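For reference, the structure is listed below as structure tokens.
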Amino acid sequence: MANHMISSKLNAVTPTYVLPMHERPLAPVPIDKEIPVIDLGEERAVAAQQLVKALEQYGFFQVINHGIPDDLMDEAMEVYEEFFNLPVKEKENYAEKEETLYTNNPKHHASKEHKYWKEVLEHNCNIDGQDKQTWPSNPPTFREVIGAYSSEVRKLSMIIFDLVSEGLGLEAGYFGKGHGQRMFVNHYPICPDPSSTLGTGGHCDPNLITICQQQVYGLQILKNDEWIGVEPLPHAFVVNFGFPITVMTNGKLKSVAHRVVTNKTQARTAIGTYFCPANVVEPAKSFVGPENPPLFKPFKWGTEFLPHYFKNRAVYHAALEAFKINA
Ligand code: OGA
Ligand code: NI
């Protein structure tokens, strides 16, 4: 028990964690059984159509038969959970250490006074393997396990990109390759008061695709202005696309807002892998024509888009405003 106490600073719901009334998750939220679960073992054309339909209807889906071994998923979860169980002092050694970043003090999306109830570990895992030197070295298996996991998730991202580009009628390889890859691991400790707090506030993702492993309930997505819960399915991945897909499809596909609620009885760790666009983001040629003029200006993702994104995450779709044509 003593050990547990020093592994987290998040024990009491002090005023900073108590959110303004309109942000609190007070209304009951159903766990939706209809968020599509796509079997990647299906015939190619079928899977491609299902993925596109899921993106049109929900913006989120889960994938099974994705080729990543269950054991490797379990080991990755264990490694990150062991990391979060380390003493606070040791974790804080990773606060902004080169490209790796640990925080138990995450910024609220809109206000300086409020905070979300979580700890975060972020680290790059680019294709050249150079980032490994900046990753935590405790637990001792961290670099080996996460090295293997992150390269498997990269392969999965390419499978999904291929299927989605096929389903959307884009040219093969449209989404590019060698995408920037960053792990974004959220740990939500047990929270004494889930009704006044959030683990992560509502937002849309900035990156091209997010591939997330979760085992405990907490993730909710916005559909028709109502929050619905995403059921944790063993050894599935939850997948969503971020803002760039809206631009690439010239407004056809939307990025969907989501948030995370806290839990009174169980801690939750969600392993998010973010892939960034490989190229300049712009409407794809097959989505523009005389009847469909481009709705967005091309932009460079890292230097032009991200600064807008971080200015206002709480207004879910604000980041694209600056890039709209004739807005
Ligand atoms: C994110 C995110 C969801 C989760 O990191 O962008 O939405 O379940 N995470 O932690
Ligand atoms: Ni997100």
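The values are calculated or read from the model by the stated rules, or taken from the named source; none is laboratory data. Only a predicted model underlies this, so the values are computations on that prediction, with no experimental measurement involved. Glycine gets a Cβ as well: all are built from the backbone with ideal geometry, and neighbour counts include every protein chain shown. Ligands, DNA and RNA are stripped out before the accessible areas are found, and what is left, the full protein with its side chains, is counted by its heavy atoms. Shrake-Rupley method; radii C 1.70, N 1.55, O 1.52, S 1.80 Å.
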Phi to ³J(HN,Hα) by Karplus 6.51 cos²θ - 1.76 cosθ + 1.60 over the stretch 146-156, Hz, x for Gly, Pro
6, x, 5, 4, 5, 6, 5, 5, 4, 4, 4
In the chain, what percent of the accessible surface is made up of carbon and sulfur (1.4 Å probe, ligands and nucleic acids excluded)?
52
Quick check: the distance between the Cα centres of the stretch 32-62 and the stretch 236-266, to the nearest angstrom?
14
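Taking every pair of Cα atoms in the chain, average 1/r, invert it to obtain the Kirkwood radius, and report Rg/Rh to two decimals.
0.95
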Compare VAL29, VAL79, VAL153 in a GNM of the chain, Cα atoms joined below 10 Å, and give the one with the largest fluctuation.
VAL29
Highest GNM mean-square fluctuation, the chain, Cα pairs closer than 10 Å: which of GLY218, GLY201, GLY251?
GLY251
Hey, which lysines would be in cross-link range of LYS115, C-alpha to C-alpha under 17 Å, not counting anything within fewer than 8 residues on its own chain?
LYS9, LYS107, LYS311
Dividing the helical contributions, -39500 (n - 2.57) per DSSP H run of n ≥ 4, by the residues of the chain yields a 222 nm value, nearest 500 deg cm²/dmol, of -7500 deg cm²/dmol
For the stretch 211-284, which trypsin sites (Lys or Arg not before Pro) are both in a DSSP coil and crowded by at most 10 other Cβ atoms within 10 Å?
LYS264
Cα-Cα over 30 Å: which of LYS118/LYS324; LYS155/LYS264; LYS112/LYS264; LYS91/LYS264; LYS155/LYS254?
LYS118/LYS324; LYS155/LYS264
On the Cα set of the stretch 1-96, report Rg and Dmax in Å, please.
20.1, 54
Cross-link reach from LYS132 to aspartates and glutamates, straight Cα distance under 14 Å and at least 8 residues apart if same chain, gives GLU98, GLU99, GLU122, GLU144
Short version: what are the Cα gyration tensor semi-axes of the stretch 86-230, square root of 5 times each eigenvalue, largest first, in whole Å?
28, 24, 13
